[in-house]
Each structure stands twice: as C-alpha cells, then as structure tokens.
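Trainee: Before we start, here is the structure in question, set down as structure tokens.
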Amino acid sequence: MTKPLGPNIIEWPETGHPQPSDLADLAPVPDGSNNPVEELQDDIDLIIATDLANAPRSKKTTIGPSELGHECSRWIGYKQLGTQVLNPQPIAWRPAVGTGVHALLEGAFHRANTYVGSTRFLVEQKVTVGEVLGEPITGSCDLVDRVNATTVDWKIVGPTTLRKVKSAGSPSDRYRIQAHAYARGFNRAGVRVNRVSVYYLPSNGEYYEGHLWHEPYDEQIVLNALSRVEAITTLVKNVGTTGLTLLPTADAYCGRCPYFRAGSTDLAQGCPGDPAVTNRWTANINSLIA
Ligand code: SF4
C-alpha cells in the first residue's frame with residue numbers, strides 16, 4: 001500500500017467511494033505486480049480490520065439501548081467509567097456480517113416505503129429511550145411498522161442461537177430490554193408502538209428458518225433497566241474503580257469482554273472474569289492435564 005495503515009484506530013474517511021469516470025485517465029500507482037500475494041492479503045486484512053475498528057458502533061463510548069440490559073453489572077460499571085479497551089479484540093467479523101445484513105434490509109424497507117408511497121416503515125430511526133443521570137440514552141431502531149404499531153429488531157444469528165431461541169420461546173433479557181427500550185423511545189416521540197418484536201434471521205441458513213418473537217410493549221421493563229444502570233453509574237461515578245468490586249458479575253462471554261484481563265487482581269487494570277467462567281476454565285485445564 002502506498003499509505004501505511006495501523007494501528008487499528010486511525011483517521012479513517014467516513015464516506016465517499018468515487019468511481020473513476022475514465023479508466024484511461026487513472027493516476028499511476030507503484031508497480032507491485034511481482035509482489036508476493038501474501039502482501040496483498042496483509043493489506044486486505046489490515047484494511048478490513050481498520051474499517052471495522054473505526055465503525056461508529058465500535059467507537060461508541062456511551063451506553064446504548066442494546067447494552068441497557070447487559071447481564072454483567074460490572075461491565076456496565078466499566079463502560080460508564082469510560083474505560084478504554086483492556087483486552088485487545090479480534091476482528092469483529094460476525095457482528096460485521098450482521099451489519100451487512102442490516103444494511104441490506106434497511107434498503108429493502110426504504111424501497112418498500114417508496115413503492116407504497118408513504119412512510120409505513122421507519123427505518124434505522126434514532127430515538128431517545130430514556131435518561132441516566134440526566135444523560136440521554138439514544139439508539140437507532142432497525143424498523144418500526146407504523147401500520148402494526150410494532151418495532152422489529154433484526155438479530156442475525158448462527159444455528160445454535162437460533163435453535164436455543166426457538167426452544168426457549170423468548171429472547172435473552174438483554175434483547176428483550178433493548179426491544180422495549182426502542183418502543184419507549186417511539187412512544188415518547190409520539191409514534192404509537194404497542195408491540196415489540198425480534199426477528200432472528202440465520203447467518204448460515206435459509207431465510208425461512210428465521211424466527212419472529214413478539215410481545216406487548218411494557219414500559220416498566222425499560223424503567224427497571226434504566227434504574228439499574230443509573231444505580232451502577234451513580235456508584236462508579238462517586239467512588240471510581242473501587243465501586244467495580246461491589247458490582248455483581250455474570251458469565252457474559254468474559255474471554256471476549258473488552259475489560260477482561262486474565263488473573264487480574266486489580267480491577268483498574270482489568271477484570272479476571274466471572275468466577276463461574278474462571279472455575280470452568282480451570283476445570284477444563286485440569287481435566288486436560290489429569
Ligand atoms: S470479564 Fe466478565 S465478569 Fe468481568 S466485566 Fe467482563 S463480562 Fe463482566
């Protein structure tokens with residue numbers, strides 16, 4: 001590449017992908033036609049990693065509707081302290097696949113609006129779902145069908161999650177809270193919503209294998225979640241990282257948590273993980289060496 005990239009977070013252009021109007025007028029570039037193909041692969045991997053690390057979602061430092069119901073209270077504490085990533089994250093490929101499908105569906109429902117000649121669907125509409133210590137919690141809802149007064153949240157999931165949600169009959173608390181939070185945002189803004197839904201679509205399967213969960217909107221679910229986050233935020237804003245010791249943990253994919261640090265004894269330097277997870281890891285290691 002003529003312009004070196006890295007580390008992952010750099011000043012990255014946000015928009016623009018001009019097509020040359022005349023291929024015969026292209027400015028010359030260095031001749032790398034004999035370079036090993038691995039150099040091309042390195043460039044491709046670096047560009048994708050950089051682009052994903054610079055996605056607005058990756059850089060968001062304030063809590064959003066999808067995190068209001070995070071299973072781990074300590075995670076929320078770290079987030080509300082504005083903690084930087086302590087555990088280097090791999091390329092977020094699976095979320096990126098989900099983002100790609102969201103973009104596809106966003107276009108589909110904009111086109112549907114154009115076709116019917118009215119704004120039946122609100123697509124990726126930003127709403128304020130509530131406040132925590134006076135700070136607005138905002139986020140964009142995937143879809144609202146104004147005819148059915150229903151929010152829809154797309155979840156692009158693998159076969160295991162799809163199987164689990166079909167047998168459980170309901171989503172995780174976190175997804176449920178997120179769905180109700182958007183509904184609250186719309187109702188507060190004057191758009192009537194009386195039902196919420198989560199449409200699970202397979203990332204690795206056929207469309208018809210998807211599963212639509214729904215239930216009536218219940219504002220209390222959101223108020224409870226906001227109260228929890230407000231209590232956690234009040235604690236950590238008052239006593240800093242010391243407050244993290246008082247917050248309950250949960251088995252929430254600790255190994256992938258941005259605040260995880262294996263064996264840490266100082267929460268300011270990182271969280272050692274939920275005891276249930278670390279006990280399981282220890283048991284696994286012991287069984288390997290027994
Ligand atoms: S590592 Fe696990 S227990 Fe610790 S903050 Fe992250 S999710 Fe919570």
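The values are calculated or read from the model by the stated rules, or taken from the named source; none is laboratory data. Bear in mind that the values here come from a model prediction, so they are computed numbers and not experimental data. Cβ coordinates were reconstructed from backbone atoms using ideal geometry, including for glycine residues, and neighbour counts include every protein chain displayed.
Trainee: I'm told residue 48 meets every condition in (1) among the β-branched types (Val, Ile, Thr); (2) farther than 22 Å from residue 186 by Cβ; (3) out of contact with any helix residue (DSSP H, G or I) (no Cβ under 9 Å at 6 or more places or on another chain); (4) assigned to a helix (DSSP H, G or I) except one. Can you identify the failing condition by its number?
Mentor: (3)
Trainee: Restricting the range 63-92 to residues that are more than 13 Å from the ligand (Cβ to nearest atom) and over 12 Å from the mean Cα position of the chain (by Cα), which is modelled with the highest pLDDT?
Mentor: Here is the first cut: in the range 63-92, the residues more than 13 Å from the ligand (Cβ to nearest atom) are 63-66, 68-69, 82, 84, 88, 90-92.
So of that shortlist, the ones also over 12 Å from the mean Cα position of the chain (by Cα) come out as 69, 82, 84, 88, 90-91.
Working: 69: 97, 82: 93, 84: 89, 88: 84, 90: 83, 91: 85.
Out of the qualifying residues, it is 69.
Trainee: Turning to a different aspect of this structure: Does residue 232 satisfy the criteria of being out of contact with any Leu (no Cβ under 7 Å at 6 or more places or on another chain) and more than 10 Å from the ligand (Cβ to nearest atom)?
Mentor: Working: out of contact with any Leu (no Cβ under 7 Å at 6 or more places or on another chain): no; more than 10 Å from the ligand (Cβ to nearest atom): yes.
Criteria not met by residue 232.
For every residue, the table says whether it meets (1) surrounded by fewer than 14 Cβ atoms within 10 Å (Cβ to Cβ); (2) outside the structural domain of residue 252 (by TED's automatic domain parsing); (3) part of a strand (DSSP E or B).
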{"site": "161", "(1), (2), (3)": "no, yes, no"}
{"site": "182", "(1), (2), (3)": "no, yes, no"}
{"site": "185", "(1), (2), (3)": "no, yes, no"}
{"site": "204", "(1), (2), (3)": "yes, yes, no"}
{"site": "239", "(1), (2), (3)": "yes, no, no"}
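Trainee: So, in the range 241-280, exactly how many residues are among the small types (Gly, Ala, Ser) and in contact with a Pro (Cβ under 9 Å, 6 or more places away or on another chain)?
Mentor: 3
Trainee: OK, next. When residues of the range 241-286 are filtered for being within 18 Å of residue 70 (Cα to Cα), within 12 Å of the ligand (Cβ to nearest atom) and assigned to a helix (DSSP H, G or I), how many remain?
Mentor: The total comes to 8.
Trainee: I'd like to know if the range 110-121 contains one or more residues that are touching a residue at least 24 places away in the same chain (Cβ under 8 Å), surrounded by 16 or more Cβ atoms within 10 Å (Cβ to Cβ) and part of a strand (DSSP E or B). I'd like the intermediate steps shown before the answer.
Mentor: First, the residues of the range 110-121 that are touching a residue at least 24 places away in the same chain (Cβ under 8 Å): 119-121.
Still in the list and also surrounded by 16 or more Cβ atoms within 10 Å (Cβ to Cβ): 121.
Filter once more, so that each one left must be part of a strand (DSSP E or B): 121.
Looking for residues that are touching a residue at least 24 places away in the same chain (Cβ under 8 Å), surrounded by 16 or more Cβ atoms within 10 Å (Cβ to Cβ) and part of a strand (DSSP E or B), one finds at least one in the range 110-121, hence yes.
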